[in-house]
Amino acid sequence: MQQGTLMRKVKSKSWKKQRFFKLQDDCMTIWYQSKRTGKIESAFSISDVETVREGHQSEVLQSLAEEFPPERCFTIVFYGRRGNLDLIAGSAEEAQCWIQGLRQLIEPRSFPLTPVLVSRTWIRDWFQKADKNKDGRMNFKEVQRLLKMMNVDMNEDHALRLFQAADKSESGTLEGEEFVLFYKALTQREEVLSLFQDFSEDGKKLTLLELVDFLRQEQLEDEGTEELAMELIDKYEPSESARARHVLSADGFLMYLCSPEGSIFNPQHQGLWQDMTQPLSHYFISSSHNTYLIEDQIRGQSSIEGYIRALKRGCRCLEVDCWDGPNGEPMVYHGHTFTSKIPFREVVSTLGKYAFKVGHSFLVLGVVGGPLQAGRRGRAAVLGLSCLHPEVPTSPSLTPQELKHKILLKGKKIGRLEDTLDGPGDEAADASDDDNGAEAEEERRRVKVGSLCWGLAAKGSGRDCRDDKESLAQALSDCVVYCKSVSFRGFQEARSHSRPSEISSLSEAKARKLIRDAGNEFVRHNTWQLTRIYPSGMRTDSSNYGPQEMWNVGCQIVALNFQTAGTEMDLCDGLFSQNGRCGYVLKPPFMRDEETLFNPSDPNSREGPGPVTLSIQVISGQQLPKVANTKDGAVIDPLVRVEIHGVPADQAHQETKYIENNGFNPRWDETLQFQLHVPELALVRFVVEDYDKTSRNDFVGQFTLAFANIKPGYRHIHLLSKDGTSIPPSSLFVHIRITK
């Protein structure tokens, strides 16, 4: 790998360019250059790589299956929404060299990232970046360049003092351990040291009893505190002699605060901690819209990557829009648009591989689409998905636990054939209820096609049309048992005639009108029946609506465009990051009671304790990333904004002042305070931005979690990128207090 390998980089069946790939000496960077021009086209870090797939595991490589054997093909998958890299090696041996080599390089990340491991990687990365002449030494000029790269605008005299103090050999350069000393001096955490000394009698260590006092008084740990203190010392104290004496040094204290136990996210809520034996209607369910699309809704690319990415994020409700294809082969794409197409069989194969890799909870698969190949589509689904569950009882007590490792089909059910052909579809929209008549017309068009898809005969059939309509659609219809799609004709009608095994789909505009006009009825309806919300047909750019207002009335399946980063997807990821990321979150008790009086527009209608006050002292930030595409030498001016997303009375945001020219270790020491009337529904979003007085602030990082998952005390918040991927070691240090 370090000698370099000539491979084909593939973007399409006709675009196959030879490129020279090489692993740099730091074993952290791979670059590739054009064979023809010799120009370096791009580079990526090993830390950007999520996994490596062998063989024909992408649409592009599958299209080349007859030309290149699977042994020579592999795909590099990156974190977030960055496109995959499809490669074809010159031989199976070369392919295996890269596949196994990359896997070994990324494997250490499967272990917990302690501050020590992060620091080692961080130090090595920065040394390699700043050592321009690659002589293994760093002079003061290179150190100044390094500080700019690290988001630090430091006084030159102070930087020189740190440099000279670390230069033990007095050679005028830093190398090896000298650079480590310089880095440690640069990253000294005064605020953490001050906190440590507040509880340490001698200022050098915390005894077991002193650590217990800190855990009880500040971290509000009230059970098994002595046992917890012993565990933390054994786990995070780097000194063997200190561990033997049951004491914690300042380094060990910092390691604890940066660990999962010191995170703002309650570690007890990381795993499966909620009751999974409630009826399905009692859960919020992570759901995607037009899952196959990874771009816009009109000309965007359809890809199995859409399904893989959604499933890896814990999504449990997917959509498959299936339409006629060549040679009787059903295709998946956005009907009546110019989006690309993928074979339905590839979607089925992908679901079989990835459906339960993240969570074991059941999967809801919504299948809609064009008119002719429903029978073949139904048979393919039944044969291709061994975990399809057609024998599901329609009892209202059906639970996620009972459906573990199963797949349910959501769709229209054949009753009377006339109902199937003539009745309004499950996504029918009333122009009077929608914000835009064009949207209503678009939804009626979709529904008309979707309603026909279950019953029409295949081309060229000479049999009686009505017989063929029933027989071809029956295979798929028989699989639709629990999530039978029905039209929504009002809450009273639903209460009188609908069943818990049925589901209605509403446009975002229709849902908003119901929330405004009948909030409490909507909440009651969602205690016993599933409701799906989907984006407006006018959102051709794949933008998202705000999901919080839909969750406020208990809508379970709030479908979002997973391919589009932004606040809406941050909220979705934040809500479903708990409970083992299984994609199901239990609603609060007052949203599971069919006689509930709760209405999100009236927070006093909630039964239970009164409001709570959330106090957040934003203390400091650590090693915040630079904003993309900024000028060389530019340093960010960071500020922190805290947003509350919940019922209307709780919606709020506050922000700190900005700190000039310091993205490395900014100090704010500001307290923000919020009153929450319905904390059970609140999500808290921490956002770091680069202040700009002449234009819109630039995004730096964020972290979102449900209020119920907040752990009070001194906590670190480990920031995520716009794509929702971690950006270690970037973090915020805060002090959280919750009072009633």
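The values are calculated or read from the model by the stated rules, or taken from the named source; none is laboratory data. Computed from a prediction, not measured in an experiment: that's the story for all the values here. Quick reminder, even Gly has a Cβ in these numbers, built from the backbone with ideal geometry, and neighbours come from all protein chains shown. Surface accessibility is based on the protein's heavy atoms, side chains included, excluding ligands, DNA and RNA. Shrake-Rupley method; radii C 1.70, N 1.55, O 1.52, S 1.80 Å.
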Specify the inter-centroid distance of region 665-740 and region 172-213, based on alpha-carbon positions, in whole Å.
25
Based on the Cβ-Cβ distance from Arg499 to Glu594, what FRET efficiency comes out when R0 is 22 Å, to the nearest 0.05?
0.95
Log entry: pair-distance distribution for region 539-645, C-alpha pairs binned every 10 Å from zero, whole % per bin is 10, 28, 33, 20, 7, 2, 0
Cα gyration tensor of region 5-106, axes a ≥ b ≥ c as square roots of the eigenvalues: rounded (a/c below 1.5), prolate (a/b > b/c) or oblate?
rounded
Contour minus Cα-Cα span, Leu272 to Thr725, at 0.36 nm per residue, comes to 160.9 nm
Going by amide H atoms built from the backbone, whose H comes under 5 Å of the H on Tyr714, apart from near neighbours?
Ile736
Provide Tyr658, Tyr32 ordered by accessible surface of protein heavy atoms (probe 1.4 Å), highest first.
Tyr658, Tyr32
Among the listed pairs Lys513/Lys587; Lys410/Lys722; Lys404/Lys484; Lys204/Lys626, give every one whose C-alpha distance is greater than 27 Å.
Lys410/Lys722; Lys204/Lys626
Given a 1.4 Å probe and heavy atoms of the protein chains only, how would you sort Lys9, Lys510, largest accessible area at the top?
Lys510, Lys9
State log₁₀ I(q)/I(0) for region 190-262 at q = 0.11, 0.13, 0.20 Å⁻¹ as given by the Debye formula over alpha-carbon point scatterers of equal weight, solvent excluded.
-0.21, -0.30, -0.75
Mind checking the per residue accessible area of region 610-739 for me, 1.4 Å probe, whole number of Å²?
39
On a C-alpha basis, how far is the centre of region 604-626 from the centre of region 531-580 in Å? Whole number, if you could?
22
In the full protein assembly as shown, how much of Thr671 is accessible to a 1.4 Å probe, in Å² to the nearest 10?
90
Once you place label points 7 Å from the Cα toward the Cβ at Asp692 and Asp517, how far apart are they in nm?
4.3
Please give the contour-minus-distance gain from Glu107 to Lys357: 0.36 nm per residue of separation, less the Cα-Cα distance, rounded to one decimal in nm.
88.2 nm
As a test question: what accessible area, to the nearest 10 Å², does Met149 have when a 1.4 Å probe is rolled over all protein chains in place?
50
Phe140 versus Glu71: modelled label distance in nm, points set 7 Å from Cα along the beta carbon direction
6.0
Zone residues, region 636-654, relative to Gln673, backbone N less than 18 Å from point 7 Å out along Cα-to-Cβ:
642-644, 650-654
So the carbon and sulfur contribution to the accessible area of region 5-106, 1.4 Å probe, in percent, is 47
Reduced Cα scattering model of region 178-218, Debye log10 I(q)/I(0), q = 0.23, 0.26, 0.30, 0.34 Å⁻¹:
-0.75, -0.83, -0.96, -1.09
Under the Karplus curve 6.51 cos²θ - 1.76 cosθ + 1.60, θ = phi - 60°, whole-Hz ³J(HN,Hα) for region 640-657, x wherever Gly or Pro sits:
10, 10, 10, 10, 10, 10, x, 5, x, 5, 9, 4, 6, 7, 9, 9, 7, 6
Stretch gain in nm, segment Glu226-Leu193, where the contour uses 0.36 nm per residue and the Cα spacing is subtracted
9.6 nm
Distance in nm between label sites at Lys148 and Lys740, each 7 Å beyond Cα in the beta-carbon direction?
5.6
Take peptides 236-244, 78-86, 727-735, 497-505 and line them up by average Cβ neighbours within 10 Å, highest first, as a rough protection proxy.
727-735, 497-505, 78-86, 236-244
